[in-house]
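See structure below.
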Amino acid sequence: MHTHKRIVAAFGILLTSSAVILAADVAMTVPAFAHEDHGWFSAGRPGDPTKPARVVEVKMFEGGGKMGFEPARIEVGRGEQIRFVLHNSGEEDHEFILATVGENRKHAEVMKKHPEMEHADPNGRRVLPHGSGELVWKFTKRGTFEFACLIPGHYDKGMFGQIIVK
Ligand SMILES: [Cu+2]
């Protein structure tokens, strides 16, 4: 009887702690995605493919324990529309997610907990091995933004680059 009570108490603690983790998880997930759901983006807005755009080719690669983008630094003018043409030269899927550094870091943490999550957001593309993809984007705000691959482990291996909007 005594043992049984102890087990019940231990189970109660377990339940409480997992509820706390669950609550923390939800609190992290909601701010990271709420803006995407409402069509608001820190780095500007989805472009209009019928309007002129400057083409910027970006290579996604892996090798030697590293992953990355080439170029890893892109400068654009405020108000400029860019057609990113993405080439994945690697053997793994890669992503190109356009946001602020803070948003990408937060988002990368969520991805570590939910590795099965895939993106179909207007500010990102997932590109298959040896495949290509496109993203048309209008940069409406000055500042420093980031493009990153948030597939677990890729960001840590260097898969991010900087976009400077002047
Ligand atoms: Cu990647």
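The values are calculated or read from the model by the stated rules, or taken from the named source; none is laboratory data. Note that the structure is a prediction, hence the values are computed from the model and not measured. All Cβ positions, glycine included, derive from the backbone under ideal geometry; neighbour counts span all protein chains shown. Ligands, DNA and RNA are excluded from the accessible area calculation, which covers all protein heavy atoms including side chains. Shrake-Rupley method; radii C 1.70, N 1.55, O 1.52, S 1.80 Å.
Straight-distance candidates among the lysines for linking to Lys66, with alpha-carbon spacing under 26 Å and chain neighbours fewer than 8 residues away dropped: Lys106, Lys112, Lys113, Lys157. Against the criterion of solvent-accessible heavy-atom surface with a 1.4 angstrom probe, Thr140, Thr50 sort, most first, into Thr50, Thr140. Reachable aspartates and glutamates from Lys141, Cα under 18 Å, same-chain residues fewer than 8 places away excluded? Excluding near neighbours in sequence, the set is Glu36, Asp48, Glu75, Glu80, Glu103.
Taking Cβ atoms as reference points and 15 Å as the exclusive limit, the residues near Gly90 contribute a net charge of -1, counting Lys and Arg as +1 and Asp and Glu as -1. Taking the Cα centre of region 31-166 as origin and assigning +1 to Lys and Arg Cβ atoms and -1 to Asp and Glu Cβ atoms, the resulting dipole is close to 640 debye. Computed from the Cβ-Cβ distance with R0 of 30 Å, the FRET efficiency linking Lys166 to Glu91 stands at 0.25.
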